[in-house]
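A.B. asks: Have a look at this one before I ask anything.
The values are calculated or read from the model by the stated rules, or taken from the named source; none is laboratory data. Here the structure is a predicted model, which means the values were calculated and not measured. When we count neighbours, we look across all protein chains shown, and the Cβ atoms used for this are built from the backbone with ideal geometry, even at glycine.
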Amino acid sequence: MMSSSKGGTSFLAKSPGPLSIFANLASLIRLSNQSGTLLLMLPSLWALVLASEGTPSLHLLLIFAMGAFLMRSAGVIINDLADRSFDRQVERTKNRPLASGALQPSQALIIASALLLCAASLLFFLNPLAALLSPVALILAILYPFTKRFFHIPQFFLGLAFGWGAVMAWAATRNQLDLPVWFLFGATICWALAYDTIYALQDRQDDIRVGVKSSATLFGSLVWLAVGLALIGMTVLLGMAGWWEGLNLTYYGVLAGVAGFLSQQVWRLRREVSPSEAFSMFKQHIGVGWVILGGIWLGFL
């Protein structure tokens with residue numbers, strides 16, 4: 001799944017001294033692969049731009065960008081702590097620091113706690129409503145890694161966690177929660193269902209073997225249909241958010257272009273895709289998120 005980004009043990013990670021410590025830490029938080037950070041950050045940016053009518057506050061942009069990095073870094077550590085026994089059985093993840101034994105769980109807990117404390121410090125720069133909403137983000141970040149043990153679509157919980165950033169960003173901008181933010185929240189859930197299902201295709205056979213629950217294994221040959229419906233839901237909800245806020249026709253033109261591009265992904269999923277192709281398709285969603293952000297901004301011009 002998306003929180004299980006690509007990573008392995010590099011030469012530096014095997015070498016002694018400070019370089020080894022840094023390499024293990026970098027691998028633990030996926031420093032070389034910030035796809036998850038961007039996918040967490042982008043819905044918050046959508047909310048900041050939409051709620052501010054195209055003129056977001058620079059300090060809020062910086063706070064939510066830093067918050068996305070810190071929370072995603074802590075989140076992947078929690079994920080690896082929860083999944084280290086599974087990761088040892090999967091070729092793509094067996095060399096991660098916790099799975100390989102390069103780092104101990106107690107060390108990872110200390111690092112995750114430090115990251116969460118840094119994220120919590122950002123709340124001092126937000127209004128009381130946004131700060132009041134923050135415990136939900138923490139609960140979702142801790143809960144998500146364990147959902148794959150009992151829920152067949154853990155991607156839904158990933159969407160809840162990532163979408164909550166948009167809710168906090170809206171609250172930080174307007175100091176209230178209006179209907180459009182819930183459209184953005186729902187759109188983010190649908191988006192995460194789509195891209196993380198695609199991501200999970202990389203590990204579908206391993207997930208079946210070790211007993212990890214995933215939408216990629218649940219839907220089987222109908223993955224294309226599940227992804228397609230999720231993307232339709234995302235597009236419709238984004239359209240409703242834009243309509244409520246009075247965005248111009250440019251925004252809907254951008255949404256139409258995004259829908260056309262994503263329809264090609266859905267069509268490709270009707271056939272078997274390789275792990276590398278699934279990862280490439282997943283990465284394309286970062287560009288999609290930026291295009292949507294640009295469309296929201298253009299919608300106010």
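A.B. asks: From the residues in segment 237-247 that are assigned to a helix (DSSP H, G or I) and without any contact (Cβ under 8 Å) to a residue 24 or more places away in the chain, which one is nearest to LEU262 (Cα to Cα)?
C.D. replies: Restricting to residues being assigned to a helix (DSSP H, G or I) and without any contact (Cβ under 8 Å) to a residue 24 or more places away in the chain, the top hit is GLY239.
A.B. asks: So which residues in segment 119-152 are outside any helix (DSSP H, G or I) and buried (at least 20 other Cβ atoms within 10 Å of the Cβ), if there are any at all?
C.D. replies: LEU126, LYS148, listed by residue number.
A.B. asks: Is there a residue being more than 18 Å from TRP297 (Cβ to Cβ), in a helix (DSSP H, G or I), in contact (Cβ under 8 Å) with a residue 12 or more places away in the chain and within 15 Å of the chain's Cα centre (by Cα) anywhere in segment 38-58?
C.D. replies: yes
A.B. asks: Pull out all pairs, ordered by first then second residue, where Cβ-Cβ is under 6 Å, the residues are six or more apart or on different chains, the first lies in segment 67-90 and is over 28 Å from PHE124 (Cβ atoms), and the second is outside any helix (DSSP H, G or I) and among the polar types (S, T, N, Q).
C.D. replies: ASP87/THR93
A.B. asks: Among the residues of segment 271-301, which ones are outside any helix (DSSP H, G or I) and either at pLDDT 95 or above or over 21 Å from VAL223 (Cβ atoms) (or both)?
C.D. replies: GLY299, PHE300, LEU301
A.B. asks: A follow-up question, please. Of all residues in segment 153-167, which are under 14 Å from the mean Cα position of the chain (by Cα) and surrounded by fewer than 22 Cβ atoms within 10 Å (Cβ to Cβ)?
C.D. replies: PHE156, PHE157, LEU160, listed by residue number.
A.B. asks: Sticking with this one: So which pairs qualify, if the first residue must be in segment 248-265 and part of a loop (DSSP other than H, G, I, E, B), the second must be at pLDDT below 95 and acidic (Asp, Glu), the Cβ gap must be under 6 Å, and the two must be at least 6 apart or on different chains?
C.D. replies: Pairs that qualify, where the first residue is part of a loop (DSSP other than H, G, I, E, B) and the partner is at pLDDT below 95 and acidic (Asp, Glu): there are none.
A.B. asks: Among the listed residues LEU222, LEU231, identify the single one that is of a type in the set (A, V, I, L, M) and surrounded by fewer than 23 Cβ atoms within 10 Å (Cβ to Cβ).
C.D. replies: When all the criteria are applied, what remains is LEU222.
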